[in-house]
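The values are calculated or read from the model by the stated rules, or taken from the named source; none is laboratory data. All of these numbers come straight from a predicted model, not from anything done at the bench. Because the Cβ atoms are built from the backbone with ideal geometry, glycine has one as well, and the counts that use them run over all protein chains shown. Protein only, heavy atoms only, side chains kept; ligands, DNA and RNA dropped before computing areas. Shrake-Rupley method; radii C 1.70, N 1.55, O 1.52, S 1.80 Å.
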Amino acid sequence: MTDSVAGILLAAGGSRRLGEPKQLLRDDQGETLVHRAARLLLEAGCGPVVVVTGSHAPEVSSSIEDLEVEIFHNPDWEAGMGGSIAAGMAHLAVRTAVETPGPRGVLVAACDMPTVSLGHFKALLSTSKSGSIRTASVYQGDTTMETCGVPAVFPQTDWPDLMALRGDRGAKALLQTGSPLTVPLDGGRFDIDTPEDARRWRLASPSADEA
């Protein structure tokens, strides 16, 4: 897909504190977290969507085989989130190099944030002017730049910086430069890292996709 916003979905983590792959946790409808996040990126109009795998890659890949996404395995996933973003971006850059025009930007998202809805993805894309302006999620209740994070849209001018990320340093530092546009994300600080997080998620009413 050309003249669009691509998607990078981070689904490589080892879930050490959780004790089971968070990517494969299922909601009360039986949908895995990684499938839901990838599906919503597609429904928001992102393309191509690249899912970066790492730990439990065969199982994660199998759980999204019905979706029109590209799966890229990062063999160095244990080095951290920054490396997975860089790996996914490098794949995307090669993948779209022959397309004219290519994607205007990329929406980077993580699979372990169940409060992110289809409506939020659409708001990010709209606010970013279809990927041409850096746009971040700002977690509700916070106003300082330190709270800006993913999901976030990065224009093509940011891609070299994303591909230069290393280790566990994600894109947060890049979002703190300049003055990115922001979209509030209710519950954005909540992600699933521990068994208690998973318990809280399952007890709470799931976020509606369109919320």
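Over segment 116-199, with the other protein chains present, what is the accessible area per residue in square angstrom, probe 1.4 angstrom?
47
Applying the criteria of a DSSP loop state and at most 16 other Cβ atoms within 10 Å to the GluC sites (Glu not before Pro) of segment 1-84 yields GLU31, GLU65, GLU68. Between segment 51-76 and segment 150-171, the alpha-carbon centres lie 20 Å apart. Shape of segment 81-160 from its Cα gyration tensor (a ≥ b ≥ c, root eigenvalues): rounded if a/c is under 1.5, otherwise prolate when a/b > b/c, or oblate? Cα axes put segment 81-160 in the prolate bin. Over the chain, dividing the summed -39,500 (n - 2.57) contributions of all DSSP H runs of at least 4 residues by the number of residues returns a 222 nm mean residue ellipticity of -8000 deg cm²/dmol.
Between the beta carbons of ALA173 and ILE133, assuming R0 = 22 Å, the FRET efficiency works out to 0.75 to the nearest 0.05. Of all beta bridges that DSSP places with both ends in segment 82-205, some 60 percent have antiparallel geometry. Any idea what the relative contact order of the chain is, in percent, if you count C-alpha pairs under 8 Å spaced at least 6 apart? It rounds to 26 percent for the chain.
Annotation: the antiparallel percentage among DSSP beta bridges lying fully within the chain is about 30. Between the beta carbons of ASP76 and ALA204, assuming R0 = 30 Å, the FRET efficiency works out to 0.30 to the nearest 0.05.
Label-to-label distance for VAL98 and LEU181 is 3.3 nm, based on points extended 7 Å past Cα in the beta-carbon direction.
Rolling a 1.4 Å probe over the protein heavy atoms of the chain, with every protein chain left in place, gives an accessible area that is 52 percent carbon and sulfur.
Spin-label model, SER61/SER126: points 7 Å from Cα along the beta carbon direction are separated by 3.8 nm.
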